[in-house]
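The values are calculated or read from the model by the stated rules, or taken from the named source; none is laboratory data. From a predicted model like this one, the values you see are computed outputs, not experimental measurements. Backbone-built Cβ (ideal geometry, glycine too); neighbour counts: all protein chains shown. Keep in mind that these areas ignore ligands, DNA and RNA; they rest on the heavy atoms of the full protein, side chains included. Shrake-Rupley method; radii C 1.70, N 1.55, O 1.52, S 1.80 Å.
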Amino acid sequence: MTHNEIEELLGVYALDALDEEERREVDEHLPTCPRCRAELAAHREVAAMMGNALGESPAVAPDEIWDRISSSLLDEPPALVPFRRPGLTRRLALVVPLGAVAAALVLVVALLAAKVGNLDSQVSSLRSGTSFSSVYLNPKHKTVELASATHPGWRATVILLNGNGYLINPSMPAISRAETFQLWALSRGKVVSLGVLGAHPNGAAIRVEPTMTLLMINAEPLGGTPQPTTPVLVQADLPVGA
Amino acid sequence: MRPELSNASDASLALAIARYREDALAEAYRRHAGVVFGLARRLLREKAAAEEVVQEVFVRLWNAPDRYDPERGSLRSYLLAQAHGRAVDQMRAESSRRRREEREARETAHGGYDLELEVGDIIVAGQVREVLGALPDAERRPIELAYFRGHTYREVATILGEPEGTVKSRIRSGLKRMHGQLAVAGLGTKGQQP
């Protein structure tokens, strides 16, 4: 579909009046086109004003809905999306044609995307439309090494680009089955959970906000906790603008 | 509730929700659940179905607070858009569709379903009402059928007996016209029409 054809659909897109297939085409176009995004924002604003002004009145939600919402909330941090890095060793890169590596990455990305799709409620940390390969292969990505002050063997690496991060190569001490590793960040002076990693982490997709200045991993009771309750095992400062 | 939340900005509220503060979600609910419920009720008619939409929207805000981007608009607009999408999904589900079609058939049979009269029912608020009402019929009717009736633009084309291309163009031009007039009235800040 051409830009002009997409543009014609922006009004109906904002009103949720597109067929699924056309909607997908618009979804694919939007990240590449600031002009369409700006027009869509204006259409959505009008739609929101109609929704705000023209709903049934009186606009009072029954109290029992809140009771249902409140009782359904999980008070645990979400599990981070499990993630295994593609095996891009130097030897492999030397002997395998670049096209094959790219194809392997595409496969990994596709598998990862499928996994993410199944874990919608757990991917709050992953910005859609990004992938490990797009971050890893971009020379502008930054690398952060989490390390321990006392145990040189405990470490993990995070690669970052525009707020999208991947925790890779974690090497952590053994913990009991009643525990999980949990990833934390310091943001505006407060510690926030980025999610739990399980007892045997392979890696995870994470979202790093510009306000975050420090990454930390510790071990917490299974399920994780809203605030850290045990000492930090490994940590690293985040680069400005990561 | 901690006192600062009652005056917190949308962005602060979303950040607090991301930190598992249920009182922040409760504050968002206090501010916006009414209009979200009103829109869902408007679309779905059935109270239980509208309640389900409200529940889904706020639970999703809790589970995925970063889906809301304060740079792109207000929290209320975001929640209304979420509610509209979910309500429309429900309307298009087969069973809901059948019930809706039966209801609309009854309304027609009783002589009660007339789009012009329906417009009078749905218009309840000041400048938005005036601006929507002032649109040419050719633009207003497809917008209403799509937004408030949950029809796809192809269905709207069939209902109105117009070509699909005409319908999507008129919806787009109608929304642009509304945006311009609402801006003149001092409403609307995000997004600019090229």
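Observations
- Label-point separation, residue A:209 to residue A:28 (7 Å along Cα→Cβ), nm: 3.3
- Heavy atoms of residue B:89: accessible area, 1.4 Å probe, square angstrom to 10: 100
- Take each residue in A:16-23, count the other chain C-beta atoms within 10 Å of its C-beta, and the mean is 6.
- Solvent-accessible surface (1.4 angstrom probe) belonging to residue A:230, in square angstrom, nearest 10: 50
- Taking 0.36 nm per residue of separation and subtracting the Cα-Cα distance, full extension of the segment from residue A:57 to residue A:175 would add 36.9 nm.
- Area accessible to solvent at residue B:15, 1.4 Å probe radius, in Å²: 60
- Other-chain or far-sequence residues with amide H under 5 Å of residue A:223's (modelled H): none
- Fully extending the segment from residue B:12 to residue B:164, taken as 0.36 nm per residue of separation minus the present Cα-Cα distance, adds 50.4 nm.
- For residue A:164, distant residues with modelled amide H under 5 Å away: A:208
- Take the accessible area of chain B alone and of chain A alone, subtract that of the pair, and you get about 5500 Å² summed over both chains, using a 1.4 Å probe.
- Residue-averaged beta-carbon neighbours from other chains (10 angstrom radius) around B:147-159: 4
- Karplus-derived HN-Hα couplings along region A:159-175 (A = 6.51, B = -1.76, C = 1.60, θ = phi - 60°), whole Hz, x at Gly and Pro: 9, 10, 8, 6, x, 8, x, 10, 7, 10, 6, x, 10, 10, x, 5, 10
- Counting only other chain Cβ atoms within 10 Å of each residue's Cβ, the peptide A:60-72 averages 6.
- Around the amide H of residue A:146, modelled in the peptide plane, lie the amide H atoms of A:156, A:157, A:158, all under 5 Å away and 5 or more residues distant in sequence or on another chain.
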